[in-house]
Amino acid sequence: MPLLDEDRLFPPEPALRDLARALYEDVRDLPIVSPHGHTDPRWFAENQPFPDPAQLFVTPDHYVFRMLASQGVALTDLGVPRVDGGPTETDGRKIWRLFASNYHLFAGTPSRLWLDHSFQHVFGIDRRLSAQTADWYYDHISDCLTRPEFLPRALYERFGIEVLATTEAATDDLRWHRAIRESGWRGRVVTAYRPDGVIDPEMPGFADNVALLGQQTGFDTATWAGYLDAHRARRAYFREFGATSSDHGHPSARTEDLPQAEAAALFQKAQRGDCTPAEADAFRGHMLTEMARMSLEDGLVLQIHPGSRRNHSDAVMAMFGRDKGFDIPGRTDYVTALRPLLNAVGMRPDLTVILFTLDESSYARELAPLAGAYPCLRLGPPWWFHDSPEGMRRFREMTTETAGFSNTVGFNDDTRAFCSIPARHDVARRVDCAFLAALVATGRLDSEEAPLLAHELTYGLAKRAYRL
Amino acid sequence: MPLLDEDRLFPPEPALRDLARALYEDVRDLPIVSPHGHTDPRWFAENQPFPDPAQLFVTPDHYVFRMLASQGVALTDLGVPRVDGGPTETDGRKIWRLFASNYHLFAGTPSRLWLDHSFQHVFGIDRRLSAQTADWYYDHISDCLTRPEFLPRALYERFGIEVLATTEAATDDLRWHRAIRESGWRGRVVTAYRPDGVIDPEMPGFADNVALLGQQTGFDTATWAGYLDAHRARRAYFREFGATSSDHGHPSARTEDLPQAEAAALFQKAQRGDCTPAEADAFRGHMLTEMARMSLEDGLVLQIHPGSRRNHSDAVMAMFGRDKGFDIPGRTDYVTALRPLLNAVGMRPDLTVILFTLDESSYARELAPLAGAYPCLRLGPPWWFHDSPEGMRRFREMTTETAGFSNTVGFNDDTRAFCSIPARHDVARRVDCAFLAALVATGRLDSEEAPLLAHELTYGLAKRAYRL
Amino acid sequence: MPLLDEDRLFPPEPALRDLARALYEDVRDLPIVSPHGHTDPRWFAENQPFPDPAQLFVTPDHYVFRMLASQGVALTDLGVPRVDGGPTETDGRKIWRLFASNYHLFAGTPSRLWLDHSFQHVFGIDRRLSAQTADWYYDHISDCLTRPEFLPRALYERFGIEVLATTEAATDDLRWHRAIRESGWRGRVVTAYRPDGVIDPEMPGFADNVALLGQQTGFDTATWAGYLDAHRARRAYFREFGATSSDHGHPSARTEDLPQAEAAALFQKAQRGDCTPAEADAFRGHMLTEMARMSLEDGLVLQIHPGSRRNHSDAVMAMFGRDKGFDIPGRTDYVTALRPLLNAVGMRPDLTVILFTLDESSYARELAPLAGAYPCLRLGPPWWFHDSPEGMRRFREMTTETAGFSNTVGFNDDTRAFCSIPARHDVARRVDCAFLAALVATGRLDSEEAPLLAHELTYGLAKRAYRL
C-alpha cells in the first residue's frame, strides 16, 4: 500500500477536489525552481554517496530532532555532534531505531509528509516507518545509497530541478561552487550572498570576518568606504557563481538610513567590539539599506528573514551550538521597522526586496498592505514553522485579498534536507491548487484564470522575482 | 456570459450552499443602510454626470491605484493629482487602458468583486476587462454616464439605498448637505461629525481649525470651556443635517480621562503648537472621553477607527498628499487603551461606542471580550483591508463565540467609490449567510433562527446601533 | 424535538462527517478526566441539592452574566452579590425570566451549546428556552433539583467522571476535600495547589496570607528559607488530598531565575508591602522558577495561566468584586518571558510545565515552537474565551504542525459550572474528531491512526500529562 494518498491536501468536497486535482495535474511535473535554501554545494561538487539513513534523515534535520527532543529524547542519542567533541551516538542503526520507534510523534506534521514522500518517491518504500519496520528501512535505504542512481547529481536530475540556490557566508571561498562549475556537470546550482557574519557586530568573530573580507577583495575594510567596496566586490564574486540574491537573517526587521558619518562611526565601534546592543541593532538596520542600494547597482534581489530568537536554550547552545531546533519566533514589527529603507529606495521598481516572517499576525495587518503598495516589495512564501499545509493556506487567505498573487514569489523550500525538496514543492503545489480551486468554486476566479495562476505560483513568479 | 457567479461566496458543499442561498434570497433585496462612508454629498446636491470611467473607477480609488503602484505603475500615469500641481495624466482613456491591461493583478481581491459587480449590475457588461476590451469598456461606460439613469440620484435609488451617511470635518459648512435638503429630493443622505482636525494637535492647521470652529459656533475656542461648548454646538449643527454619529480616526485607541485642569492646559499647549508627541496623544485620548460624555448628552454614536500608520511613504506624501494607499496598519492595543474611557462612562447602556480595528489579532483576544462585557461597546464590521470575504469570515469566526451577534452592528461600506456600495453590501450579505448556514449545518443554530439573524445582520443591527 | 443536533460540530461534507462521527462514536462514552477546574468541593462533601435554576445556571456563571450585562442588563438584576451587601435580586424566578427572555443573545456561542446540552442531557428538556418557556423551565428544573438523582454525587456519577480536580488557594484548609475523603464516597475529587495569594505581592492580604501559610506549616515564613519550606510542606499537604498539579494565574508569563539573595530581598520587600510594580512582577516571575524546582522534587505538574487583565472595570470591581466577567485578555509574550525558567530547568524531561494562553497569536508563533523543542513543556487546551468550537479548531490548526499531538494534554473544562462539564468535554471530543477526520480525508493521517489519536486526545494525554 502506498504511503501517500494520491489526493492528499486536496479539499474533501468532491467537486472542489476534482477542480484542485485538475489544476495540480497541470503543474505537478513542472521543473523545480528552488531560489532559496541551505543544501550543501559539496554534495554536487563531489557527487559522493550520502553516508547512511540516519545521516540523511535524522541527525542534520532540526525539524526532526527537535520534535524527538521535545518528548525527552537526548540529542546525543540522535548523533547530534557536540561542540566539545564529546561522545555522541555514531551507530546509524541505533539512531534510526530510536527515530523509527518515535515516528508516531510526527502525525499531523509536515515532516511526516516530507519524510513519507521521500520514502515512497525516492526509495520506493510502501510500508509505514515504525519500530517494527526500522531495520528493514535501514537496510533498504542503506542499500540504495550505494547505487549510482542515488548519488547527489542523479537525484538532482531525478527531482526535476531546474535551478537550486544554496546560501553561503560572504567570506566563503565558494570552492564547491567552483568545483561544480569546473566539473562540467550541467546542473544549475547557484549561490546566494549571506553577509550576516560581516554585518552583524554581535556575531562571533565579526572583526576577523571583516578583516578576511578585506583580504579576499583587496579593499581596506578597516575603513567604512573600503568596507562598502569590499561588499560590492564580494557580491560581484558571488554573482560569478550564479548568485541572484542576498539574504539577511537579522533578529528584527529593523532598517535605518543613517548619515554616512554616523554609519562609519558605528562601523568603527563594531570592529572594536564596542557596540552596545542598540548600536549593533542600528548598524545591522543601516546595512540593510546599504545592501538595498547595492542591489540597485548590481541587481541582486534582497531577502530579509527576520524575527527568529535564536539559540533560546543556553544549555543546547553550549553543548551543541547553533541551528539545533531551539530557535523560537517572536513578534515582529514591519511597519515602523522597514520605513527607513522604504523611504530611501522603496519606490524604485527596479529593486526587489522579499520579506519573510515567522509572525503570521503580520500577514494581513502589515505585510500584505506594504507589499500591496511599495513597488520594491514582494512577500516570500510561508517560512520555517509555517512551511506546512495549514501555514500555506493561512498565507494565501491572509495576503491574497490585499496583495494579490503578483506580489508573492512562488515557493522556497529553504531546506538542508535534500530529499525533502520535491516533497516540499509538491506540498506547495497541492495547497496552492486547493486554494485556487476554492476561489473558482466560490466565484472569485474564472476557471480559465486558475491554470495560468497555478503555473505562475509554481514556476513563473519564482523565476521572475529571483531573476533566475 | 455574466461576469459574476450567481452562487459566489457560498460554500461549495451542496447542502450547505443550498442553506446559504436560501438565507441570502431573503435578504438580497433588503434596502441598503450605509451608516458610515466617504461618498461626496456634492454628487447628490448637484446631481451632475460622473466625468469619465477613469475618474469613476481608477483615479480616486486608493484600493485600485495602490495595487497598480505596487507593480511599478507610476501614480502620475493613473492621473493621481500632484500636490505641486505638476503634470499628471489627464487623458481618461489612457488611464483606463493602463488599468485594463493590469486588471489581472486584482485576481482574488475584493476590488475585483466590487468592480465586476459594478460593471455587470450598474453598466450591464458581460465580458471581462482586459487590454483587449479596454476601449469597448471605456466607450460603453462613457456613454452610460451621459444618460439620466446614471446620474448620482438615479443610482442612489437604483441601488436601493435607504440611508447613506457621509463624513465631514467638524469645520465643514455642510453646504452640500444643505443643498440636498433644499433640493426637495427624497434621498436620505446624512452627515457624520469627524472632528480630527480640531482634536488632533498634530494635524496641519490645528490652531486655525479651532479658531474657525469658534467663529462657526460663536464660542470662544481660545478657552477650554469655550472649546467644549463649540463642540457641543457643532455636533448640534451636524445633527440638524441628520448626523447620528461622530467618527474618530486616531493613530491609536488610546483614551484618557484627565482632570479638567490638566486637559485645559494641554489644550492651551496644543493651540500654541507646543505639544510633545506624547502630549498630543494624551490630548487626543482625553477628547475621546469628552466626546463620549457629549454623546451621553446628545445621543451621537461614537465611532473609533484607530491604528492606521498613515502616510508611510514620505515620497508619496510629498508628491501626492494624504490618502494615497500608503496607510499601513499596525498593532493596536485596546485593553489598556480604552480603560480610561470605559471607567468613565463604559457601563452606561445609553452610550454606544463602535470599535473598529485594522489588527485582526485583537478580534478574539481583546475586542470580543470587551464588547461581550461593557454595555456601551459594539464591534464595527471588518474595516478597510479586512472588508473582504476572508476578512468577514475571520471576523465572524473570531468574535461571535465571545460577543455574539448582538454586539455587532451590521455592515459598513466605508467607501469613496459610489458604484461599489451595492457590491460591498452584497459581499457582506453573502458571507454572513454562508456563516449562518455553517452554524445551522453544524448544529450551532436552529434553522428558524438563521433567517432572523440574516435580517438582523443585513438591516436591523445597523439601524438600531446607529440610531437611524 | 431535541435541542441538540446529533451531528453537531461535525463537518457538513457527508464523507467527512461519516469519518468524524465514527471516530466520535468510539470516544463519546469514555470516562471524563477533568484535570483542571473550579468546581466547589463542598458540593461533593455535603451532597446537598443545588438551590434553584438561577443559582445553578445564571448567577455564578461569568460567561452568562457578562453577555447579559453587555446588552445592558444590570448585574444586580441577575442576583450577582454586592461587595457592600447591598440589595441584589434574590427571586430566582425573576432572574430566570430575565435570562430566558435574553437567551437569543447566546446564539452562536459555546454557552448556548453547554446550556442546551445540560438542559437536554441533565434535565431531559426538549424545547428551546425563551420568554415563553421560562416558567416551564424553572418549574421543571426546580422539581428535578429536589430529587436524589440530581444531587452532586449522583450527577458526578451520571456524568461518567473518573477524576475531577478542583483548585484551592495555598492557605485553604481543604476541609471539604477532607470531608469527601472521610465520607467514604468513591468519587475521585482532587485538589490543586494555587498559591497566587502567597506569591503575588500585589494580591490583597499578601503579608497576612504568608503569615497564615507559616502557621499552617510550622515554618517561619518571615524568612526566605522558611517561606520556601512552607511551600514545600503545603504542597505535600495538598498532595495528601490528591493534588498532582499547581496552578499559577499571573498577569504575564514572565519568569525569572534570580540569585537567591536577590529573591530573598524582594520577598522581604513584598512582606512589607514595599514592592514597586516591577519588583512585584519580578518576584512572581522568580517564584515560578522556584515552583518548577519544587516540582522536580515532588512531581507536581506546573500550570501557567497568564495574560488576563483582571478587573478591567473599576466600577464592577468596586461593586461586585473579582471574577465578574470583566477580565480581558491582552497580548502575552512567551519567548522572552519563559527563558529564565527554561534555562534553569527546561531540559529536564521529568518536569512538566503546561502553558495556557489567552493570546491565540502566540499558538503558531511561540507556543508550538517552544513545546516542540523543550522536553518539559506541554500546551494546555484552548482556554476561557477560546474554549469553543472555533477556538479549538484554531488551536489544532495552529499548533499541530509544529508541536504534534503529543505535546498537548487533552482537554480541561476549567469550569465553575458543574452541569457544563459533560457538555464541554463533548464539544472537545467532537471538534477533535472533526479535526482528525479532516486529516484523514486529506491524506495527512492514516485511517488506523485516527482512532488511537482520538482516544489519546480524549483520555490518554490528560491522564499522563497530569499524572492522574
Q: Working only within segment B:419-468, note down all residues that are more than 29 Å from B:Tyr156 (Cβ to Cβ) and among the hydroxyl-bearing types (Ser, Thr, Tyr).
A: B:Thr442, B:Ser447
Q. Does A:Leu358 qualify as being more than 9 Å from chain B (Cβ to nearest Cβ), farther than 30 Å from A:Leu155 by Cα and touching a strand residue (DSSP E or B) at 6+ places or on another chain (Cβ under 6 Å)?
A. yes
(Q) Take the residues in segment C:105-137 that are among the hydroxyl-bearing types (Ser, Thr, Tyr) and surrounded by fewer than 21 Cβ atoms within 10 Å (Cβ to Cβ); name whichever of them is farthest from B:Ala437 (Cα to Cα). (A) C:Thr133
(Q) Looking for something more than 22 Å from C:Gln303 (Cβ to Cβ) and assigned to a helix (DSSP H, G or I) - is there at least one such residue anywhere in segment C:454-463? (A) yes
Q. Which residue out of C:Pro204, C:Pro195 is in contact (Cβ under 8 Å) with a residue 40 or more places away in the chain and not hydroxyl-bearing (Ser, Thr, Tyr)?
A. C:Pro195
(Q) Every residue in segment A:12-34 that is over 29 Å from A:Leu355 (Cα atoms) and buried (at least 23 other Cβ atoms within 10 Å of the Cβ), please. (A) A:Glu13, A:Leu19
Q. Within segment C:412-460, how many residues turn out to be facing chain A (nearest Cβ under 9 Å) and free of Cβ contacts under 8 Å to residues at least 40 places away in the same chain?
A. 8
(Q) Restricting to segment C:375-402, and then to whatever is assigned to a loop (DSSP other than H, G, I, E, B) and within 7 Å of another protein chain (Cβ to nearest Cβ), can you tell me which residue is farthest from A:Met392 (Cα to Cα)? (A) C:Pro375
Q. Is it the case that segment B:35-47 has a residue that's surrounded by 17 or more Cβ atoms within 10 Å (Cβ to Cβ) and closer than 30 Å to B:Glu448 by Cβ?
A. yes
(Q) Which count do you get for residues in segment B:72-95 that are within 19 Å of A:Gly346 (Cβ to Cβ) and either free of Cβ contacts under 8 Å to residues at least 40 places away in the same chain or within 12 Å of another protein chain (Cβ to nearest Cβ) (or both)? (A) 7
Q: Working only within segment C:215-227, note down all residues that are part of a helix (DSSP H, G or I) and surrounded by fewer than 20 Cβ atoms within 10 Å (Cβ to Cβ).
A: C:Gln215, C:Gln216, C:Trp224, C:Ala225, C:Gly226
Q: Starting from residues that are of a type in the set (Gly, Ala, Ser) and within 14 Å of chain A (Cβ to nearest Cβ), keep the ones in segment B:361-374 and report whichever is farthest from C:Asp314 (Cα to Cα).
A: B:Ser361
(Q) Would you confirm whether or not segment A:334-346 contains a residue that is under 25 Å from C:Thr399 (Cα atoms) and in contact with a strand residue (DSSP E or B) (Cβ under 9 Å, 6 or more places away or on another chain)? (A) yes
Q: Of the conditions (1) under 30 Å from B:Arg444 (Cβ atoms); (2) hydrophobic (A, V, I, L, M, F, W, C); (3) touching a Lys or Arg at 6+ places or on another chain (Cβ under 8 Å); (4) within 14 Å of chain A (Cβ to nearest Cβ), B:Phe106 clears all except one; give me its number.
A: (1)
Q) touching a residue at least 24 places away in the same chain (Cβ under 8 Å), part of a loop (DSSP other than H, G, I, E, B) and among the β-branched types (Val, Ile, Thr): does that describe B:Thr289? A) no
(Q) If the requirement is being outside any loop (DSSP other than H, G, I, E, B), away from chain A (no Cβ under 14 Å), touching a Lys or Arg at 6+ places or on another chain (Cβ under 9 Å) and touching a residue at least 24 places away in the same chain (Cβ under 8 Å), which of these qualifies: B:Ala69, B:Ala100, B:Ala20, B:Ala45? (A) B:Ala45
Q.
Would you confirm, using the coordinates I've provided, whether C:Ala154 is surrounded by fewer than 17 Cβ atoms within 10 Å (Cβ to Cβ) and either aliphatic (A, V, I, L, M) or within 27 Å of C:His305 (Cα to Cα) (or both)?
A. yes
Q | Residue that is nearest to B:Asp350 (Cα to Cα), among those in segment C:48-66 that are of a type outside the set (A, V, I, L, M, F, W, C) and within 14 Å of chain B (Cβ to nearest Cβ) | A | C:Arg66
Q) Residues A:Ala192, A:Ala179, A:Ala170: which one is away from chain C (no Cβ under 14 Å), surrounded by fewer than 19 Cβ atoms within 10 Å (Cβ to Cβ) and on the phi < 0 side of the Ramachandran plot? A) A:Ala179
**Q.** Tally of residues being of a type in the set (S, T, N, Q), in contact with a Leu (Cβ under 8 Å, 6 or more places away or on another chain) and facing another protein chain (nearest Cβ under 7 Å) across segment B:305-344
**A.** 1
Q: Of the conditions (1) more than 14 Å from B:Asp432 (Cβ to Cβ); (2) in contact with a Cys (Cβ under 7 Å, 6 or more places away or on another chain), B:Leu23 clears all except one; give me its number.
A: (1)
Q) Looking at B:Ala265, is it of a type in the set (Gly, Ala, Ser), away from chain A (no Cβ under 14 Å) and assigned to a helix (DSSP H, G or I)? A) yes
Q: Having 3 or more residues that are within 24 Å of B:Trp384 (Cα to Cα) is the bar; report the helices (runs of 4 or more DSSP H) wholly within segment A:305-374 that clear it.
A: A:339-345, A:368-371
Q | Residue that is farthest from A:Leu115 (Cα to Cα) [pool: residues in segment A:1-15 that are aliphatic (A, V, I, L, M) and over 31 Å from the mean Cα position of the chain (by Cα)] | A | A:Ala15
Q: Evaluate the following for C:Pro381: is it under 22 Å from C:Ala465 (Cα atoms), in contact with a Gly (Cβ under 9 Å, 6 or more places away or on another chain) and surrounded by 22 or more Cβ atoms within 10 Å (Cβ to Cβ)?
A: yes
Q: For segment C:403-411, indicate whether the set of residues that are more than 9 Å from every other protein chain (Cβ to nearest Cβ), of a type outside the set (D, E, K, R) and free of Cβ contacts under 8 Å to residues at least 24 places away in the same chain is non-empty.
A: no
Q) Of the residues B:Gly380, B:Gly330, which single one is modelled with pLDDT under 95 and either under 18 Å from B:Asp196 (Cβ atoms) or in contact with a strand residue (DSSP E or B) (Cβ under 6 Å, 6 or more places away or on another chain) (or both)? A) B:Gly330
Q.
Condition first: in a helix (DSSP H, G or I) and closer than 21 Å to C:Ser70 by Cβ. Can you find one or more residues in segment B:423-430 that meet it?
A. no
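The values are calculated or read from the model by the stated rules, or taken from the named source; none is laboratory data. Predicted model, so just to flag it, every value in this text is computed and none were measured. Virtual Cβ from ideal backbone geometry, glycine too; neighbours counted across all protein chains shown.
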